[in-house]
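The values are calculated or read from the model by the stated rules, or taken from the named source; none is laboratory data. Everything numeric in this text was worked out from a predicted model, so none of it was measured. Quick reminder, even Gly has a Cβ in these numbers, built from the backbone with ideal geometry, and neighbours come from all protein chains shown.
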Amino acid sequence: MWKYILFDLDGTITNSGEGIMNCIRYALEQMGREIPAEQTLRKFVGPPLVVGFREYTDLTEEEAKTATAKYRERYQSEGLFEAYVYEGFEAVLKYLKKTQVKIAVATSKPEEYTERILEHFHLKEYFDVIAGDTLKGDRGSKQAVVEEALRRLNVTEQDKGTVLMVGDRKYDVIGAKSCGIRSLGVYYGYAETGELEEAGADYVVRTTADMLEWFEQQIPETPCQAMSDVDNTQQPASSQISSYNRKIGKKWTAIAGGMLILGIALGVGGTLLVQKQPWSKITQENTGADYDANKCVRLGDYKGIKVSLAVTDDDVQQEIDGLIQDNVTYEQKKGTVQEDDKIYAKFNGYIDGKKVDDTCGEEVIELGSDQFVKGFESAFVGAKTGKQITFKINIPKGTYGDDTIDGKEVTFKATVKYICGDEIVPTWNDKFVQSISDFKTAKEYEADIRTELAKENENNKQDFAWTEVLENAKVKKYPEELLEDAKQEVLQGYYDMADMYGMSHDEIFQSWGSENEEDFVKNELDEQAKQAVKEKLVVEAIAKAEGINYSDKEYKDLVAEEYQYNTEKYDSEAEYEKKNRESLKDNALSSAVQKWIAKHATFSK
């Protein structure tokens, strides 16, 4: 499981090509040198400047250092902000902040510039560590800045298997390998075709949307955090649309409800919008269940179904409502904190006198909500606004998944900045839009929302079609053995998630809306198991009716893809395939059926 994610800056977080190339031109002009073609100038985005000047011009080492100084003359005054954040990237950061991973920047750009850029684009708050070169060039290689990031994150040799470097150039991949960590290459930046694979990237994605989906498959969102993330009501909303629009999310909830957690816990590949595979361990071969899918399920319309991808006014309004809710603030009251108050506080935690970043925060805290570790919220009762208080909390084992914190006594120093009064809900108008985005008018933003939702609907049309097929089908009979095995797999999925986060079984079920495990078994288990079995029956029935199967290549590709999510459990891809052959076959068949459904469907906009 990933615990640390390192991001390159130029070409990964920001498209800074214009500013960099303008400054390269300036530096070479100042030195009276020939300006390379734009295709060559693009190659300067990514590597350390001295490396770029040496590799892509005829400058000597000393001349490259002089050119770097000239470059910075223009860069710090003009080039710094000749850039923009890649569309969809902030959605990636928002998702990762909901998980337990640490996020860092590892860039060859000087830290001083990097911090200014991240502050300018309102991204600095997302990162736990910002590591870059010095203005003197003391960390002149990608390896050096990655090593610095690892040092500040306190990554041990044993932890390196949980670290991922994300970047758009071969230098990011090579730097990661030099430090003994894996890399994710992104092709929306400045890499040439094949560059990342040739450098040895462990994984590759094409777009920020692909990257978000990859992370959602790899890193489950924390269901219940001891210390919750910074409250969105106090932070500026993103100017981007979330990758998964609410329309699809609602359809998925209606079809599969709590099954989402199980796809994560069992390491199932494919998108998390709709579980693309049938229940991974429930097969006729390994359960001994005797059933005929065609006799158990009545298929509705599935071949040539008509699926609407239209973006409605309600879809747009839901996004607008979400942006408004993300920017709700509160009337700020002074006084003494009472039980059940909602407060905005800043707090720092210390162990043996040393500040521990993971126990620090500044956010809205609703007393009595039990969102935080036991005793934390009640410690604020009686505190006066603006006055620092000190209290101690024993952190239960498994809370953070970090032995340096779990089981230790943490001394908190906290200040209540204000007591939250009535909510202040912003009005959707031009002024509000300008405060949260680069758009000038509300109409412009609404048009952008509609465009982004349309793109998402198009990208997820196979999921829409499959959802329609599942809705149209009716189960006539649930094979008893199949259903019982499904119940066990559902429960095991939650147990796995509990183990992952160091939570008790009751706690994991509470975090997903049940009172405890007994309540879940009584009220939810049967329905979730039936949903899993239904999908398996529908896949098998359609495959038999239409003669659908998968090719050897499709099977091998699927094995390779799903093995990526299970490398810590198996020594080789061959071992993984051998021990999971039946479930992999099920997955391959499900994927083939869903592709067939989409191929024969009619989509309208």
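Check whether at least one residue in the range 563-573 is part of a helix (DSSP H, G or I), modelled with pLDDT under 85 and either over 23 Å from GLN100 (Cβ atoms) or assigned by TED's automatic domain parsing to the domain that holds PHE372 (or both), and report yes or no. It would help to see each step written out before you state the result.
Going residue by residue through the range 563-573, those that are part of a helix (DSSP H, G or I) are 563-566, 573.
With the extra rule that they be modelled with pLDDT under 85, the set shrinks to 563-566.
The next check asks that each one be either over 23 Å from GLN100 (Cβ atoms) or assigned by TED's automatic domain parsing to the domain that holds PHE372 (or both); those that pass are 563.
Looking for residues that are part of a helix (DSSP H, G or I), modelled with pLDDT under 85 and either over 23 Å from GLN100 (Cβ atoms) or assigned by TED's automatic domain parsing to the domain that holds PHE372 (or both), one finds at least one in the range 563-573, hence yes.
Within the bounds of the range 8-23, is there any residue that is farther than 30 Å from THR359 by Cβ, of a type in the set (D, E, K, R), touching a helix residue (DSSP H, G or I) at 6+ places or on another chain (Cβ under 8 Å) and crowded, with 20+ Cβ neighbours inside 10 Å? Walk me through it before giving the result.
First, pick out the residues of the range 8-23 that are farther than 30 Å from THR359 by Cβ: 10-11, 14-23.
Subset that is of a type in the set (D, E, K, R): 10, 18.
Add one more test, that the residue is touching a helix residue (DSSP H, G or I) at 6+ places or on another chain (Cβ under 8 Å), and what stays is 10.
With the extra rule that they be crowded, with 20+ Cβ neighbours inside 10 Å, the set shrinks to 10.
The answer is yes, given that some residue of the range 8-23 is farther than 30 Å from THR359 by Cβ, of a type in the set (D, E, K, R), touching a helix residue (DSSP H, G or I) at 6+ places or on another chain (Cβ under 8 Å) and crowded, with 20+ Cβ neighbours inside 10 Å.
At pLDDT below 90 and crowded, with 21+ Cβ neighbours inside 10 Å - does that describe any residue in the range 158-167? For the range 158-167, residues at pLDDT below 90 and crowded, with 21+ Cβ neighbours inside 10 Å: absent. What residue, of GLN434, GLN462, GLN371, is free of Cβ contacts under 8 Å to residues at least 12 places away in the same chain and surrounded by 14 or more Cβ atoms within 10 Å (Cβ to Cβ)? Only one candidate passes the filter, namely GLN434. Evaluating LYS556 against the criteria (1) under 29 Å from the mean Cα position of the chain (by Cα); (2) under 30 Å from HIS505 (Cα atoms) leaves one unmet condition, (2).
Check whether at least one residue in the range 382-395 is in a helix (DSSP H, G or I) and not hydroxyl-bearing (Ser, Thr, Tyr), and report yes or no. Scanning the range 382-395 turns up no residue that is in a helix (DSSP H, G or I) and not hydroxyl-bearing (Ser, Thr, Tyr). Taking the range 425-462 as the range and being under 27 Å from THR207 (Cα atoms) and β-branched (Val, Ile, Thr) as the test, the residues that pass are VAL433, ILE436, ILE449, THR451.
Kindly indicate whether LEU589 is crowded, with 16+ Cβ neighbours inside 10 Å and in contact (Cβ under 8 Å) with a residue 40 or more places away in the chain.
Details: crowded, with 16+ Cβ neighbours inside 10 Å: yes; in contact (Cβ under 8 Å) with a residue 40 or more places away in the chain: yes.
Judged against the criteria, LEU589 is a match.
Would you confirm, using the coordinates I've provided, whether TYR26 is aromatic (Phe, Trp, Tyr), modelled with pLDDT of 85 or more and under 26 Å from THR207 (Cβ atoms)? When the stated conditions are applied, TYR26 does not pass them.
Listed here are the residues, each with its yes/no results for (1) within 30 Å of GLU456 (Cβ to Cβ); (2) out of contact with any helix residue (DSSP H, G or I) (no Cβ under 8 Å at 6 or more places or on another chain).
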site	(1), (2)
ILE35	no, no
LEU59	no, no
THR66	no, yes
VAL101	yes, yes
GLU111	no, yes
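Restricting VAL328, VAL337 to those that are farther than 28 Å from ASP128 by Cβ and hydrophobic (A, V, I, L, M, F, W, C) reduces the list to VAL337. Annotation: GLU115 fulfils all but one of (1) among the acidic types (Asp, Glu); (2) touching a strand residue (DSSP E or B) at 6+ places or on another chain (Cβ under 7 Å); (3) not assigned by TED's automatic domain parsing to the domain that holds ALA176; the unmet one is (3).
Could you tell me whether the range 434-444 includes any residue that is of a type outside the set (Asp, Glu) and under 24 Å from the mean Cα position of the chain (by Cα)? Lay out the reasoning, then the answer.
Step one: of the range 434-444, the residues of a type outside the set (Asp, Glu) are 434-437, 439-443.
With under 24 Å from the mean Cα position of the chain (by Cα) added as a condition, the list becomes 436-437.
Yes, that holds for at least one residue.
Quick one: would you say GLU527 is assigned to a helix (DSSP H, G or I), surrounded by fewer than 21 Cβ atoms within 10 Å (Cβ to Cβ) and modelled with pLDDT under 95? Against the criterion (assigned to a helix (DSSP H, G or I), surrounded by fewer than 21 Cβ atoms within 10 Å (Cβ to Cβ) and modelled with pLDDT under 95), GLU527 qualifies.
Condition check ((1) modelled with pLDDT under 90; (2) among the charged types (D, E, K, R); (3) touching a helix residue (DSSP H, G or I) at 6+ places or on another chain (Cβ under 6 Å)) across all residues:
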residue: CYS360; (1), (2), (3): yes, no, no
residue: PHE372; (1), (2), (3): yes, no, no
residue: SER378; (1), (2), (3): no, no, no
residue: LYS387; (1), (2), (3): no, yes, no
residue: THR411; (1), (2), (3): no, no, no
residue: CYS420; (1), (2), (3): no, no, no
residue: ILE424; (1), (2), (3): no, no, no
residue: PHE439; (1), (2), (3): yes, no, yes
residue: ARG450; (1), (2), (3): no, yes, yes
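Looking across VAL186, VAL173, VAL205, one residue alone is touching an Asp or Glu at 6+ places or on another chain (Cβ under 6 Å), of a type in the set (Val, Ile, Thr) and in the same structural domain as ALA91 (by TED's automatic domain parsing). It is VAL186. Checked against (1) over 21 Å from ASP313 (Cα atoms); (2) free of Cβ contacts under 8 Å to residues at least 60 places away in the same chain; (3) surrounded by 13 or more Cβ atoms within 10 Å (Cβ to Cβ); (4) not hydroxyl-bearing (Ser, Thr, Tyr), LYS417 meets all criteria but (2). Quick one: is LYS522 of a type in the set (D, E, K, R) and in contact with a strand residue (DSSP E or B) (Cβ under 8 Å, 6 or more places away or on another chain)? Here the answer is no, as LYS522 does not meet what is asked.
Candidates in the range 318-340 are the residues that are modelled with pLDDT of 95 or more and outside any strand (DSSP E or B); of these, the one that is surrounded by the most Cβ atoms within 10 Å (Cβ to Cβ) is VAL337.
Considering the range 289-341, the residues that are of a type in the set (Lys, Arg) and touching a Ser or Thr at 6+ places or on another chain (Cβ under 9 Å) include one that is nearest to LYS534 (Cα to Cα), namely LYS306.
Can you name every one of the strands (runs of 3 or more DSSP E) wholly within the range 143-228 that holds 1 or more residues which are more than 24 Å from GLU87 (Cα to Cα) and in contact (Cβ under 8 Å) with a residue 40 or more places away in the chain? Please lay out each step first, then the result.
Working: elements: 163-167, 182-186, 203-205.
Ranges flagged: 163-167.
Residues being modelled with pLDDT of 90 or more, in contact with a Lys or Arg (Cβ under 9 Å, 6 or more places away or on another chain) and surrounded by 14 or more Cβ atoms within 10 Å (Cβ to Cβ) are represented in the range 503-521 by at least one member.
For the range 36-65, give me each residue that is hydrophobic (A, V, I, L, M, F, W, C) and surrounded by 17 or more Cβ atoms within 10 Å (Cβ to Cβ). Reasoning before the result, please.
Within the range 36-65, the first condition is being hydrophobic (A, V, I, L, M, F, W, C), and the residues that meet it are 37, 41, 44-45, 49-51, 53, 59, 64.
Within the range 36-65, LEU41, PHE44, VAL45, LEU49, VAL50, VAL51, PHE53, LEU59, ALA64 meet the criteria.
For the range 306-329, a residue qualifies if it is closer than 18 Å to ASN429 by Cα and among the small types (Gly, Ala, Ser), and exactly one does: GLY322.
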